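Peer 1: One structure follows; several queries about it will come next.
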Amino acid sequence: MLRDLATSGAIELLQVQTEPTCWRTAASFGDRMLKPDLFALTASGDYEDHWYIEVDRATESLPTLLRKCAQYEDYRRTATEQQERGIFPLVIWIVPDDIRAGKLRAAITASRSLDSSLYRICTPASFAEVITGGAA
């Protein structure tokens with residue numbers, strides 16, 4: 001999907017890291033490792049956008065996805081990514097359908113420990129809209 005958007009000229013694909021290259025760790029993160037499915041750096045016009053991408057196939061429970069979101073929050077607090085890149089990437093969850101998207105969005109919003117502005121939730125059909133819309 002990313003390469004198709006880049007080929008069409010909708011975005012410029014500056015960097016892609018697949019597993020395990022996109023996995024992150026930090027001294028203050030303990031022995032844990034953040035394991036996104038993909039990291040991407042895209043550009044559109046004068047703006048660069050940094051993304052962690054998670055692909056959900058609805059095989060995990062919502063509490064499991066929320067624990068993964070909590071890992072992103074914990075890793076963000078280490079400031080490792082911000083020191084290296086100057087920004088913490090947004091997290092895109094690609095889920096199978098609108099029902100799953102609504103449930104995940106509601107669960108993140110209802111959580112007292114998650115910053116909902118960090119996450120973008122979409123289906124494969126709306127992925128292009130999220131990526132081309134940037135961080136806005």
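Peer 1: With a point put 7 Å past each Cα toward its Cβ, work out how far THR64 is from TRP23 in nm, to one decimal.
Peer 2: Simple spin-label model gives 1.8 nm for this pair.
Peer 1: What does DSSP give for the stretch 19-94 in terms of the percent of beta bridges that are antiparallel, rounded to the nearest 5?
Peer 2: 60 percent
Peer 1: Can you list the residues, at least 5 places off or on another chain, whose amide H is less than 5 Å from the amide H of ILE121, using H built in the peptide plane?
Peer 2: Long-range HN contacts for ILE121: TRP93.
Peer 1: Per residue Cα convex hull volume for the stretch 1-130, in cubic angstrom?
Peer 2: Enclosed volume per residue, from the Cα hull, is 112 Å³.
Peer 1: By count of other Cβ within 10 Å, fewest leading, how are THR59, THR25, THR109 ordered?
Peer 2: THR59, THR109, THR25
Peer 1: Let me ask something additional. How do ASP98, ASP56 line up, fewest other C-beta atoms within 10 Å first?
Peer 2: Ascending Cβ contact count within 10 Å gives the list ASP98, ASP56.
Peer 1: How large is the helix-only mean residue ellipticity at 222 nm for the chain, computed as the sum of -39500 (n - 2.57) over DSSP H runs with n ≥ 4, divided by its residue count, in deg cm²/dmol to the nearest 500?
Peer 2: -11000 deg cm²/dmol
Peer 1: Please report TYR52, TYR72, TYR119, TYR47 as a ranked list, fewest other C-beta atoms within 10 angstrom at the top and most at the bottom.
Peer 2: By the 10 Å Cβ count, ascending: TYR47, TYR119, TYR72, TYR52.
Peer 1: I've got another one for you. Give me the percent of DSSP beta bridges within the chain that run antiparallel, rounded to the nearest 5.
Peer 2: Given both bridge residues lie in the chain, the antiparallel proportion sits at roughly 60 percent.
Peer 1: Please work out the Cα center distance from the stretch 84-136 to the stretch 45-77, rounded to the nearest Å.
Peer 2: Going from one Cα centre to the other spans 8 Å.
Peer 1: Follow-up. Go through CYS122, THR78, LEU90 and say which Cα lies farthest out towards the positive end of the charge dipole of the stretch 68-126; charges sit on Cβ, +1 for Lys and Arg, -1 for Asp and Glu.
Peer 2: CYS122
Peer 1: Also, I was wondering about something else. If each of ALA43 and SER113 carries a label point 7 Å out from its Cα toward its Cβ, how far apart are those two points in nm?
Peer 2: Placing both labels 7 Å beyond Cα along the Cβ direction yields 3.9 nm.
Since every read-out is calculated from the coordinates, none of them should be taken as a lab result. What you see is a predicted model; the values in this text were computed from it and never measured. Using ideal geometry, Cβ is built from the backbone for each residue, glycine included, and neighbour counts are taken over all protein chains shown.
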